[in-house]
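Only the coordinates and a few stated rules stand behind these numbers; no lab work does. Computed from a predicted model, the values in this text were never measured in an experiment. Every residue, glycine among them, receives a Cβ derived from its backbone with ideal geometry; neighbour counts consider all protein chains shown.
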Amino acid sequence: MWRHYLYGTKCVVFTDHKSLQHILDQKELNMRQRRWLELLSDYDYEIRYHPKIATYVSKCLTCAKVKIEYQKSSGLLVQPEIPQWKWENITMDFVTKLPKTAAGQDTIWVIVDRLTKSAHFLPMREDDTLEKLTRQYLKEVVSRHGVPLSIISDRNGKFTSHFWKSLNKELGTRLDMSTAYHPETDSQSERTIQTLEDMLRAYVLDFGKGVSVNHLSAGLRLEIDSSLAQRSSTRQLRK
């Protein structure tokens, strides 16, 4: 956007690295310096060393250290406790913006057991109501595995809603939510989602355009495949 303003006019490039003012006279250049010169080759310019730049930056760092904090300290990063039994501690997240099926489903709800790493991939619409998701959650998770002790998730609007909080309070489930600046709290579901996306990508390569209609049924198949892979790896560890 700014380059056309420099064509046909003399310009000055300031730097706080003293050695760079002699870069045009150097006989040997590394790859980064070559890229710089290639970028600047279209312009009429000179490079000047400006020591006050380094001083200005150092003052900015000093100001940043002593400035007044207007928010509470985020505290120490606490690792989630290690689960003692399967499906007592779970994580959940959504894979959105997928090609729509004939039924209009464009999202997969990923629910992962933190102990066994097994997962449920539940097809849904991105605009499904929370009441509908609750029925699906009770049917696919609670009825099969019991009520979890805790759920780790991000701060998706569905998970922060009063209805979802009240439901889990009545069930006796603790909600642990990651923060915007520390999403790694929900790393288990993120890793599972990455695996799911890799498998869906492989499915696309095998079946081509059919994925736009069948990718969610493939997700259900992936649930079986991932469970088998998890059991196989557990069996190998036991050996």
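Sequentially through segment 16-21, phi angles give Karplus couplings (6.51, -1.76, 1.60; θ = phi - 60°) of 9, 9, 4, 5, 5, 5 Hz, Gly and Pro residues having no value and appearing as x.
Let's test the formula: R0 of 25 Å, r as the Cβ-Cβ distance of GLN84 and ARG144. What FRET efficiency results, to the nearest 0.05? Walk me through the intermediate numbers first.
Working: r = 19 Å, r/R0 = 0.75.
According to the calculation, E is roughly 0.85.
Beyond 22 Å between alpha-carbons counts as too far, so tell me which of LYS86/LYS139; LYS97/LYS139; LYS100/LYS132; LYS97/LYS132 fall in that bin. Where the Cα-Cα span goes over 22 Å, the pairs concerned are LYS97/LYS139.
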